[in-house]
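Participant: Starting off with a structure, shown below.
The values are calculated or read from the model by the stated rules, or taken from the named source; none is laboratory data. In this text, all values refer to a predicted model and were calculated from it rather than measured experimentally. We place every Cβ from the backbone using ideal geometry, glycine too, and count neighbours over all the protein chains shown. When the accessible area is computed, the model is the full protein with side chains, heavy atoms only, and any ligands, DNA or RNA have been set aside. Shrake-Rupley method; radii C 1.70, N 1.55, O 1.52, S 1.80 Å.
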Amino acid sequence: MTDVAVAGGGLVGLAVAWRAARRGLSVTVVDDAPGAGASAAAAGMLAPVTEAGYREEPLLRLGLDSLARWPAFAAELEAAAGTPVGLRTAGTLVVGFDEDDVRELDALHAFQRELGLAAHRLTPREARRREPALATRVRGGLLVEGDHSVDGRAVHAALLAAAEAAGVVLVRDRVAEVVTDGGRAGGLRLASRVLPADRVVLALGARSGQLPGVPPLPVRPVKGQVLRLAGAAGLLEGTVRALVRGRQVYLVPYGGDRLVVGATSEDRGFDARVTAGGVHDLLHDAIDVVPEVGELELTETLARWRPGTPDNAPLLGPSSLPGLVLATGHHRNGVLLTPVTAEATAELLATGELPEVAAPFTADRFERSPVWS
Ligand code: GLY
């Protein structure tokens with residue numbers, strides 16, 4: 001019997017496990033391919049301001065809280081694992097490609113100022129001074145110095161090592177069901193056996209709502225196609241996000257000479273195909289904004305699923321099934337929200353109290369607001 005069984009060994013599941021083990025709990029993580037889901041595709045942006053959407057202020061506050069935790073989280077993780085996680089604090093530049101895109105940029109800037117967020121409007125010349133690789137056609141920029149990034153795959157590798165060092169047991173098996181016992185979660189049924197547990201944490205990303213034994217959850221897959229390229233040493237100072245004829249693209253440098261270009265956002269269920277159109281649009285827009293992208297080596301294309309929710313915010317804390325704790329539904333912000341999710345969930349598991357910062361994100365908010373149901 002383990003104190004906590006975590007279903008899902010992606011960034012969120014492992015971080016919850018690591019933090020819970022550090023609180024003295026015995027923890028077992030189950031995943032047949034840890035890190036092969038959305039964690040493998042994530043560009044690693046820590047970008048609450050440039051991801052902020054209209055009417056998403058609670059999510060913005062959670063994101064800012066988690067961003068503030070990242071430097072200490074990264075330092076502790078690097079010390080525990082002995083490997084770097086690639087935290088970059090160079091900031092994020094959002095650019096507009098044509099006049100309509102710049103009007104959209106101005107609307108975004110007005111929204112950010114209304115919320116009291118730090119963002120500076122740049123002329124095309126100022127934008128190119130910051131990022132000399134930008135195309136001369138770029139019509140304007142918005143600098144958000146506080147939006148950073150990490151290397152998501154490096155974070156996952158470090159979490160595997162740190163969790164193991166903290167005593168977490170990783171079982172490479174398929175999670176088949178949440179087992180109930182006397183009206184509460186009593187463990188996980190795996191492909192090969194039952195793992196009894198005092199509590200279960202659900203961290204299965206986009207598949208969280210599909211696991212037998214889990215009460216109905218409003219989590220759906222939102223497909224994202226992503227490209228990885230090599231040969232980008234010195235190309236960009238920090239993340240570049242762009243509006244290109246109404247479409248969005250981002251370019252995130254990492255690991256010395258690597259670049260992630262993302263991402264499509266498609267409601268197509270669990271469609272795993274990388275499509276010609278998806279790759280075309282991402283490359284076309286990225287090359288329009290940073291022409292040298294056309295000279296880089298395309299090393300990887302992949303499609304994964306964000307765990308989408310009706311309000312784009314995560315599902316945290318207790319569920320309607322006693323003993324089942326939620327750490328899912330992170331949609332576009334899984335990497336950003338990893339520290340706050342891990343620390344709030346570990347606090348709940350260790351003390352029975354969900355910290356105030358996570359309280360607005362319990363799943364019963366959808367019952368309270370019928371507009372989402
Ligand atoms: N966080 C960026 C994305 O989900 O594409």
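Participant: Taking a probe of 1.4 Å, how large is the accessible area per residue of region 10-116, in Å²?
Facilitator: Ligands and nucleic acids excluded, the figure is 39 Å² per residue.
Participant: Within the chain, which complete DSSP H helices have Cα atoms spanning at least 18 Å along the helix axis and a mean Kyte-Doolittle hydropathy of 0.5 or higher?
Facilitator: Within the chain the helices that satisfy the rule are 152-165, 338-351.
Participant: In Å, the Kirkwood hydrodynamic radius of region 98-178 over pairs of distinct alpha carbons?
Facilitator: Here the Kirkwood hydrodynamic radius works out to 16.7 Å.
Participant: For a Förster distance of 45 Å, can you work out the FRET efficiency between the beta-carbons of E353 and R103, rounded to the nearest 0.05?
Facilitator: Working from the Cβ atoms, E equals 0.45.
Participant: What residue among H280, H120, H331 has the largest mean-square fluctuation in a Gaussian network model of the chain, using Cα springs under 10 Å?
Facilitator: The residue with the greatest mean-square fluctuation here is H280.
Participant: A follow-up question, please. How high is the relative contact order of region 317-370? Use alpha-carbon pairs under 8 Å, at least six apart in sequence, and give a whole percent.
Facilitator: So the answer I get is 40 percent.
Participant: Quick one: among P253, P212, P124, which has the greatest mean-square fluctuation in a GNM of the chain with alpha-carbon springs under 10 angstrom?
Facilitator: So, out of P253, P212, P124, the one fluctuating most is P212.
Participant: Roughly to the nearest percent, how much of the accessible area of region 1-151 is carbon and sulfur, given a 1.4 Å probe?
Facilitator: That share works out to 51 percent.
Participant: Under 10 Å, Cα contacts only: if you run a Gaussian network model on the chain, which one of S319, S265, S192 comes out with the highest mean-square fluctuation?
Facilitator: Taking springs between Cα atoms under 10 Å, the residue moving most is S192.
Participant: Relative contact order, percent, of region 133-218 when contacts are C-alpha pairs under 8 Å separated by at least 6 residues?
Facilitator: Reported relative contact order: 18 percent.
Participant: Given charges of +1 on the Cβ of Lys and Arg and -1 on the Cβ of Asp and Glu, with all other atoms neutral, how large is the dipole of the chain about its Cα centre, in debye to the nearest 20?
Facilitator: So the dipole magnitude of the chain works out to roughly 320 debye.
Participant: Oh, and also: Would you work out which of H148, H120, V102 lies farthest towards the positive end of the dipole of region 90-197? Charges go on Cβ: Lys and Arg +1, Asp and Glu -1.
Facilitator: Among H148, H120, V102, the one farthest towards the positive end of the dipole of region 90-197 is H148.
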